[in-house]
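Read-outs throughout are calculated quantities, based only on the coordinates presented, and are distinct from any laboratory measurement. Note that the structure is a prediction, hence the values are computed from the model and not measured. All Cβ positions, even for glycine, are placed from backbone atoms using ideal geometry, and neighbour counts span all protein chains on display.
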Amino acid sequence: LTKVKDLDFENQIIKKKFNKKIKYLFYPAQYWPHKNHIYILKALKILKFEKKLNVGVIFTGSDKGNLEFLKAYAFKNDLINDVIFLDFVSDNDISRIYQNAFSLVMPSYFGPSNLPPLEAFKFSLPVIYPDIDEFVNHLDNKGIFVKLNDPKSLAIAVSQLLENDLLRKKIISKGLKYISRDFKNENLKKLENIFELYFSKRSCWD
């Protein structure tokens, strides 16, 4: 497991592993099974061997017992040179990885209130998220949504972004509009509606 200590070291790892032509996906999440890193690796296998597309992925997070399983899968399926497994990294390094990534992919089974999609939007990255109603609604349908029971769904989404730059820019534009919303006022309105409903019901008895 490689632990990034500073920005220069992080850059060296990426440059050594990925040349400038390789576009990489980013998934910042601890190595828990429910974070579903394996889904990305399975999609990467489809992209590499079926679609003949050269795509990398960077994972960052602490090992929660699933890292060796993921590394073994990568070795077995000839993907180890397409993946960078990192520990926790500094905020500066996270920013640098976001700046150079092609897309955020977050196939977690838990959510939808996750911070990385908002960070990705801030860095003008498209977000690939689970096609689950709660997740879709949480992002106001501003990402690309994939089926977690079908890695091919992710492979298709990534290949579409690679081959259709206009689509990628459209998704990025939607994301930027999403984070520019006035969330403070929206939350206040939600609270007002809750209290209005409460007082309306409360008025039914003495």
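I'd like the FRET efficiency for SER180 and ASN100, computed as 1/(1 + (r/R0)^6) with the beta carbon distance as r and R0 of 22 Å, rounded to 0.05.
Details: r = 23 Å, r/R0 = 1.06.
Rounded to the nearest 0.05, the efficiency is 0.40.
Please go through the residue pairs LYS122/LYS152; LYS17/LYS45; LYS48/LYS122; LYS76/LYS142; LYS51/LYS71; LYS48/LYS76 and name each one whose alpha carbons sit more than 24 Å apart in this structure. Display every interim value, and only then the final one.
Numbers: LYS122/LYS152 28 Å; LYS17/LYS45 17 Å; LYS48/LYS122 29 Å; LYS76/LYS142 35 Å; LYS51/LYS71 22 Å; LYS48/LYS76 14 Å.
Check vs 24 Å cut-off fails for LYS122/LYS152; LYS48/LYS122; LYS76/LYS142.
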Expressed in nanometres to one decimal, the distance between label points 7 Å along Cα→Cβ at ASN137 and LYS52 is 4.4 nm
Relative contact order computed over the stretch 37-168 (Cα-Cα under 8 Å; 6+ residues apart), in percent
23 percent
